[in-house]
Amino acid sequence: MDQAEKLRNIIKANQVVKKTARVITVTSGKGGVGKSNTAINIAVQFQKRGQRVIIFDADFGLANIEVMFGAIPKHSLADLIYHGMNIKDIITRGPNDIGFISGGSGITGLSNLGTDNINYLVSNLSELDSLADVIIIDTGAGISEQVLEFLVASGEILLITTPEPTSLTDSYSLLKALKHHQRFNPDMTKIKVVSNKVFSEDEGKQLFSKLNMVVQRYLKLSLEYVGCVPHDEKLVKAVMQQNPVSLAEPNSKAAQSFEYITDTLMNIPHEEKTVRRGMAGFFASFISGHRH
């Protein structure tokens, strides 16, 4: 029995009639396009709609989420894997009781874990599925192997892009790398796009059309447009104050856009096969990918 099969059996054992959370992976082709900001504000909006939300910060190089949250986590995934902590012990609570887990350097060590550690990690992560309705994973920006592994493991990807020519090119490059990844299955993955930092709704739609046209022509991937976020001084100010704009200025244009995007995400019909892999399933796929 190979490592990947062992993992699948561990998952099955842990997923007996348990509900699985919806896992949304937020990503971008380059830094500075508002990826972490989008992740946090969408989390706030889901929470406002009665969903229990946990953000998993997988960008271990930069602690963006904790800075924007104004909440410094005492523990990370590494404490769970190596120091026997429970999943509940490593969740930091941010504004509006949104849970937050720091991946820390724990993610880099996943490929070397023994079966006992994996058992422990997966059973804790399947517990996470019952603690949250929605888990938002904030990946690092750009096209590293680490980011691609997260995207391949994900059933639902939210790609953030801006009108900057470099952002569009980098978004395309990221999708191209994903498409050519040996374990990527386009039938099991929904890719949704947010146009950020635009001046009008029309510009947001045009930006998506540009990207979509090239992606369909050369990569044969289907993308879904879920909305845009305008330039908004109130958003800039909220970031400076380490407070999500959806809480600091709920009536601002930016907050209303995040509201619209979240409504769209909630109303898109979800095929079970693409979305409901849950957090334990997500990580099993992630770890087995690292071992090939």
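I'd like to check something: does the stretch 183-194 contain any residue that is exposed (fewer than 14 other Cβ atoms within 10 Å of the Cβ), among the charged types (D, E, K, R), assigned to a helix (DSSP H, G or I) and modelled with pLDDT of 95 or more? Even if it seems obvious, please write down each step before you answer.
Applying the first criterion (exposed (fewer than 14 other Cβ atoms within 10 Å of the Cβ)) to the stretch 183-194 yields 183, 185-187.
Restricting the remaining residues to those that are among the charged types (D, E, K, R) gives 183, 187.
Still in the running and assigned to a helix (DSSP H, G or I): 187.
This time we only want the ones that are modelled with pLDDT of 95 or more, so: none.
No, the conditions are met nowhere in the stretch 183-194.
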request  = Name, by its number, the condition in (1) under 24 Å from the mean Cα position of the chain (by Cα); (2) free of Cβ contacts under 8 Å to residues at least 40 places away in the same chain that does not hold for V239.
outcome  = (2)
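What helices (runs of 4 or more DSSP H) lie completely within the stretch 1-104 and have 3 or more residues being out of contact with any helix residue (DSSP H, G or I) (no Cβ under 8 Å at 6 or more places or on another chain) and either surrounded by fewer than 23 Cβ atoms within 10 Å (Cβ to Cβ) or modelled with pLDDT under 90 (or both)?
Values: elements: 3-14, 35-48, 64-69, 77-82.
Counting at least 3 such residues, we get 3-14.
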ask   = Checking D202 against (1) in a strand (DSSP E or B); (2) more than 18 Å from the chain's Cα centre (by Cα), which single condition isn't satisfied?
value = (1)
message = A132 - would you say it is among the hydrophobic types (A, V, I, L, M, F, W, C), under 30 Å from Y218 (Cα atoms) and either modelled with pLDDT of 90 or more or within 13 Å of the chain's Cα centre (by Cα) (or both)?
response = no
task = Restrict the check to the stretch 118-126 and report whether at least one residue is within 30 Å of T264 (Cβ to Cβ) and in contact with a helix residue (DSSP H, G or I) (Cβ under 6 Å, 6 or more places away or on another chain).
result = yes
query = When the stretch 124-161 is examined, which residues are found to be surrounded by fewer than 22 Cβ atoms within 10 Å (Cβ to Cβ), farther than 19 Å from Y172 by Cα and among the charged types (D, E, K, R)?
reply = E127, D133
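The values are calculated or read from the model by the stated rules, or taken from the named source; none is laboratory data. Keep in mind that what you see is a predicted model, and the values were worked out from it rather than measured. In this analysis, Cβ positions are derived from the backbone assuming ideal geometry, glycine residues included, and neighbour counts consider all displayed protein chains.
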